[in-house]
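In what follows, a single structure is set out as structure tokens and then discussed.
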Ligand code: NAD
């Protein structure tokens with residue numbers, strides 16, 4: 001398997017393949033960069049079709065974490081771990097303990113946390129074998145990062161609306177939310193409270209119906225959400241929501257959501273700009289969860305300080321949007337440049 005020539009390889013500092021015969025563990029940990037601090041990033045458990053697919057994912061995701069932590073001003077680098085397994089079938093305690101041992105062998109250079117396929121309960125089991133686990137909660141509070149992520153997206157959205165629409169308040173603003181799961185539902189409630197009018201969609205019709213009733217929101221079919229007559233489109237479901245075809249259809253003038261890797265391809269950032277749509281770089285907007293996890297590692301955790309740090313996402317985006325306008329670049333390009341300036345100087 002080729003790592004150094006891999007298209008997603010970006011001078012990652014360490015790529016560790018781990019296996020354990022007894023539990024059947026097959027895992028990869030990628031540490032992209034530790035200039036700012038230890039590499040923090042979630043553990044994804046997924047039945048990858050091949051080892052090559054798992055490697056592609058872990059290289060891409062770990063690099064993304066470096067950028068996210070740098071722009072969230074955290075003393076952390078970027079890393080990620082994947083286990084090649086079906087989380088519904090294969091997630092046994094022995095497998096997770098073996099993963100804990102593998103993480104521990106890296107002596108704290110990599111710190112794990114929840115990601116898709118892994119839960120807070122899984123983190124508790126991993127923590128039996130290693131101290132290098134985030135996302136366990138604080139003072140008996142749940143480790144679920146999604147309310148913090150949603151608050152960060154809310155702050156990001158306010159900044160984007162200010163820059164893209166010249167508006168300071170969210171009253172009567174029309175927002176379409178694609179995906180009302182953990183983050184999307186919290187975001188919807190916060191926007192509703194601020195007076196926004198919502199158009200919601202989800203493939204889970206029951207959850208969608210309940211939330212729409214609660215918030216007096218309109219409902220759209222999943223395949224029509226890009227056509228909604230709204231001011232803001234908030235992708236909060238899966239990655240690659242913004243394809244060239246979707247961008248052509250958007251009525252919104254601002255895109256700001258929680259989903260990771262929203263741009264189906266890098267060039268979509270240019271297409272958005274050409275259509276006059278302000279794109280909020282996803283990893284800047286959705287950093288609230290990782291900010292909270294980083295604070296859990298501190299002795300002086302205070303909820304007010306965590307929230308103030310998360311609210312700083314708005315100021316970071318103000319800087320990105322201003323620089324993008326000044327330099328005639330897409331906000332995605334400016335965010336990447338700014339992140340590189342920060343972690344290379346770190
Ligand atoms: P989730 O699984 O709880 O919610 C996703 C929702 O999207 C689900 O309700 C699902 O039914 C729906 N969905 C899936 N495909 C859809 C489609 N085609 N159209 C409409 N809805 C669809 O996940 P989450 O934790 O809310 O995370 C949402 C996104 O934000 C993900 O991309 C995740 O990677 C990203 N993110 C989450 C966090 C966090 O703190 N949870 C942090 C950073 C980034």
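The values are calculated or read from the model by the stated rules, or taken from the named source; none is laboratory data. All values derive from a computational prediction rather than experimental measurement. Heads up, the Cβs are rebuilt from the backbone with ideal geometry, glycines too, and the neighbour counts pull from every protein chain shown.
Kindly evaluate residue 198 against the criterion of being in contact with a strand residue (DSSP E or B) (Cβ under 8 Å, 6 or more places away or on another chain), assigned by TED's automatic domain parsing to the domain that holds residue 311, within 28 Å of residue 311 (Cα to Cα) and away from the ligand (no atom under 15 Å from the Cβ).
Numbers: in contact with a strand residue (DSSP E or B) (Cβ under 8 Å, 6 or more places away or on another chain): yes; assigned by TED's automatic domain parsing to the domain that holds residue 311: yes; within 28 Å of residue 311 (Cα to Cα): yes; away from the ligand (no atom under 15 Å from the Cβ): no.
When the stated conditions are applied, residue 198 does not pass them.
If I filter the range 286-296 for residues that are under 26 Å from residue 197 (Cα atoms), part of a helix (DSSP H, G or I) and either without any contact (Cβ under 8 Å) to a residue 24 or more places away in the chain or more than 10 Å from the ligand (Cβ to nearest atom) (or both), do I get at least one hit? Looking through the range 286-296, none of the residues is under 26 Å from residue 197 (Cα atoms), part of a helix (DSSP H, G or I) and either without any contact (Cβ under 8 Å) to a residue 24 or more places away in the chain or more than 10 Å from the ligand (Cβ to nearest atom) (or both).
The condition of being more than 23 Å from residue 338 (Cα to Cα), within 13 Å of the ligand (Cβ to nearest atom) and either in contact with a strand residue (DSSP E or B) (Cβ under 9 Å, 6 or more places away or on another chain) or free of Cβ contacts under 8 Å to residues at least 40 places away in the same chain (or both) holds for residue 221. Taking the numbered list (1) crowded, with 24+ Cβ neighbours inside 10 Å; (2) touching a helix residue (DSSP H, G or I) at 6+ places or on another chain (Cβ under 6 Å); (3) over 20 Å from residue 294 (Cβ atoms) in turn, residue 84 passes all entries but (1). Residue 198 meets each of the listed conditions (1) under 27 Å from residue 74 (Cα atoms); (2) in a strand (DSSP E or B) apart from (1).
Within 30 Å of residue 323 (Cα to Cα), in contact with a strand residue (DSSP E or B) (Cβ under 7 Å, 6 or more places away or on another chain) and within 16 Å of the ligand (Cβ to nearest atom), is that true of residue 180? Walk me through it before giving the result.
On the way: within 30 Å of residue 323 (Cα to Cα): no; in contact with a strand residue (DSSP E or B) (Cβ under 7 Å, 6 or more places away or on another chain): yes; within 16 Å of the ligand (Cβ to nearest atom): yes.
No; evaluated as a whole, the condition is false for this residue.
State whether the residues of the range 160-172 include one that is closer than 25 Å to residue 303 by Cβ and either part of a helix (DSSP H, G or I) or not assigned by TED's automatic domain parsing to the domain that holds residue 257 (or both). For the range 160-172, residues closer than 25 Å to residue 303 by Cβ and either part of a helix (DSSP H, G or I) or not assigned by TED's automatic domain parsing to the domain that holds residue 257 (or both): absent. Suppose we filter 282, 227, 231 for residues that are surrounded by 18 or more Cβ atoms within 10 Å (Cβ to Cβ), over 22 Å from residue 147 (Cβ atoms) and modelled with pLDDT of 95 or more; which single one remains? Exactly one of 282, 227, 231 is surrounded by 18 or more Cβ atoms within 10 Å (Cβ to Cβ), over 22 Å from residue 147 (Cβ atoms) and modelled with pLDDT of 95 or more, namely 231. Among the residues of the range 15-36, the one identified as surrounded by fewer than 18 Cβ atoms within 10 Å (Cβ to Cβ) and under 17 Å from residue 70 (Cβ atoms) is 35. Count of the range 97-122 residues, restricted to those that are in contact (Cβ under 8 Å) with a residue 40 or more places away in the chain and touching a helix residue (DSSP H, G or I) at 6+ places or on another chain (Cβ under 9 Å), is 11.
Considering 237, 212, 207, the condition of being surrounded by fewer than 24 Cβ atoms within 10 Å (Cβ to Cβ), at pLDDT 95 or above, assigned to a loop (DSSP other than H, G, I, E, B) and within 15 Å of the ligand (Cβ to nearest atom) is satisfied by 237 alone. Every listed requirement among (1) under 23 Å from residue 42 (Cα atoms); (2) at pLDDT below 95; (3) out of contact with any helix residue (DSSP H, G or I) (no Cβ under 7 Å at 6 or more places or on another chain) is met by residue 295 save one, (3). Comparison of 180, 230, 246 shows that the only residue that is touching a residue at least 40 places away in the same chain (Cβ under 8 Å) and over 24 Å from residue 119 (Cβ atoms) is 230.
Residue-wise test of (1) more than 19 Å from the chain's Cα centre (by Cα); (2) outside the structural domain of residue 104 (by TED's automatic domain parsing); (3) in contact (Cβ under 8 Å) with a residue 60 or more places away in the chain.
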| residue | (1), (2), (3) |
| --- | --- |
| 24 | yes, no, yes |
| 30 | no, no, no |
| 38 | no, no, yes |
| 50 | yes, no, no |
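In the range 240-267, the residue that is surrounded by the fewest Cβ atoms within 10 Å (Cβ to Cβ) out of those that are more than 16 Å from the ligand (Cβ to nearest atom) and in a helix (DSSP H, G or I) is 248.
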